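> Can you keep this structure in mind? I'll have questions shortly.
The values are calculated or read from the model by the stated rules, or taken from the named source; none is laboratory data. Computed from a predicted structure; not experimentally measured. When we count neighbours, we look across all protein chains shown, and the Cβ atoms used for this are built from the backbone with ideal geometry, even at glycine. Protein only, heavy atoms only, side chains kept; ligands, DNA and RNA dropped before computing areas. Shrake-Rupley method; radii C 1.70, N 1.55, O 1.52, S 1.80 Å.
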Amino acid sequence: MTTLTIGFVLFPNVTQLDFTGPLQILHRLPGARTYFLAKTLDPQPSDCGLALNPNATFDDCPPLDMICVPGGLGVSAAMGDAAVIDFIKRAGTARYITSVCTGAFLLGAAGLLHGRRATTHWAYVDLLPLVGAVHEKARVVRDGNIFTGGGVTAGIDFALTIAAEIAGPEVAQALQLAVEYDPQPPFQSGHPDRAPDAIRRGIEKRLDQARAGIRQAVASGVTGGENASP
């Protein structure tokens, strides 16, 4: 394709790296045009306090080749926001439908993950069936034209995976080198299978409220005004 129109969905309390990690890769693809989309052009606060500036609204967004939905602590509220969910539904005709972290639940609330294999942040994978998805244990999962990434930093892996799909592995490798993506973490605790039990339990406890918010959004039927799960 000569142009690749990519839309990133923004909402209050989005996780900044869910958005900017993939952005750093995808905006470098040949022909890429990126749109940062929200209900209004007002700055959207991220869950670390950094304000993110939309450059288009849901109403004036052009047709998209790819929609990318990040996650964050604001996901449960966004699940109940008709403007957000209705836009994702409309954008479900895009050639590539993608999410990072708990953004998968917004795809699910829009009815786009029913019967599909998907992943999300490790602490939320057991909730995927609530929105009709089938969890697959992987950092990046592809099911047809739907690509889902795991938690936060997995967005970079997701972006490189889809870059290879769109532009070929040589381009994806060049992008990886350009951003010097060569992780060498000081600890081997980046996945629950390797993290010490006490560390894992502490993170799970910290995320209890966010997990409960997603459960409540589905149970109450408040997913953009209509429960999209079966």
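> Say whether the condition of being within 16 Å of the chain's Cα centre (by Cα) and surrounded by 18 or more Cβ atoms within 10 Å (Cβ to Cβ) is met by at least one residue in region 53-62.
Here is the first cut: in region 53-62, the ones within 16 Å of the chain's Cα centre (by Cα) are none.
No, region 53-62 has no match at all.
> Same structure, new question: Could you tell me which of the residues VAL75, VAL100 is closer than 16 Å to ALA219 by Cα, buried (at least 24 other Cβ atoms within 10 Å of the Cβ), within 17 Å of the chain's Cα centre (by Cα) and not hydroxyl-bearing (Ser, Thr, Tyr)?
One residue alone meets the criteria, VAL75.
> Pick out, from region 114-218, the helices (runs of 4 or more DSSP H) lying fully within it that include 1 or more residues that are touching a Pro at 6+ places or on another chain (Cβ under 7 Å) and open to solvent by less than 50 Å² (accessible area, probe 1.4 Å). Show your work before the answer.
Details: elements: 154-167, 169-178, 197-206.
Those helices (runs of 4 or more DSSP H) span 154-167.
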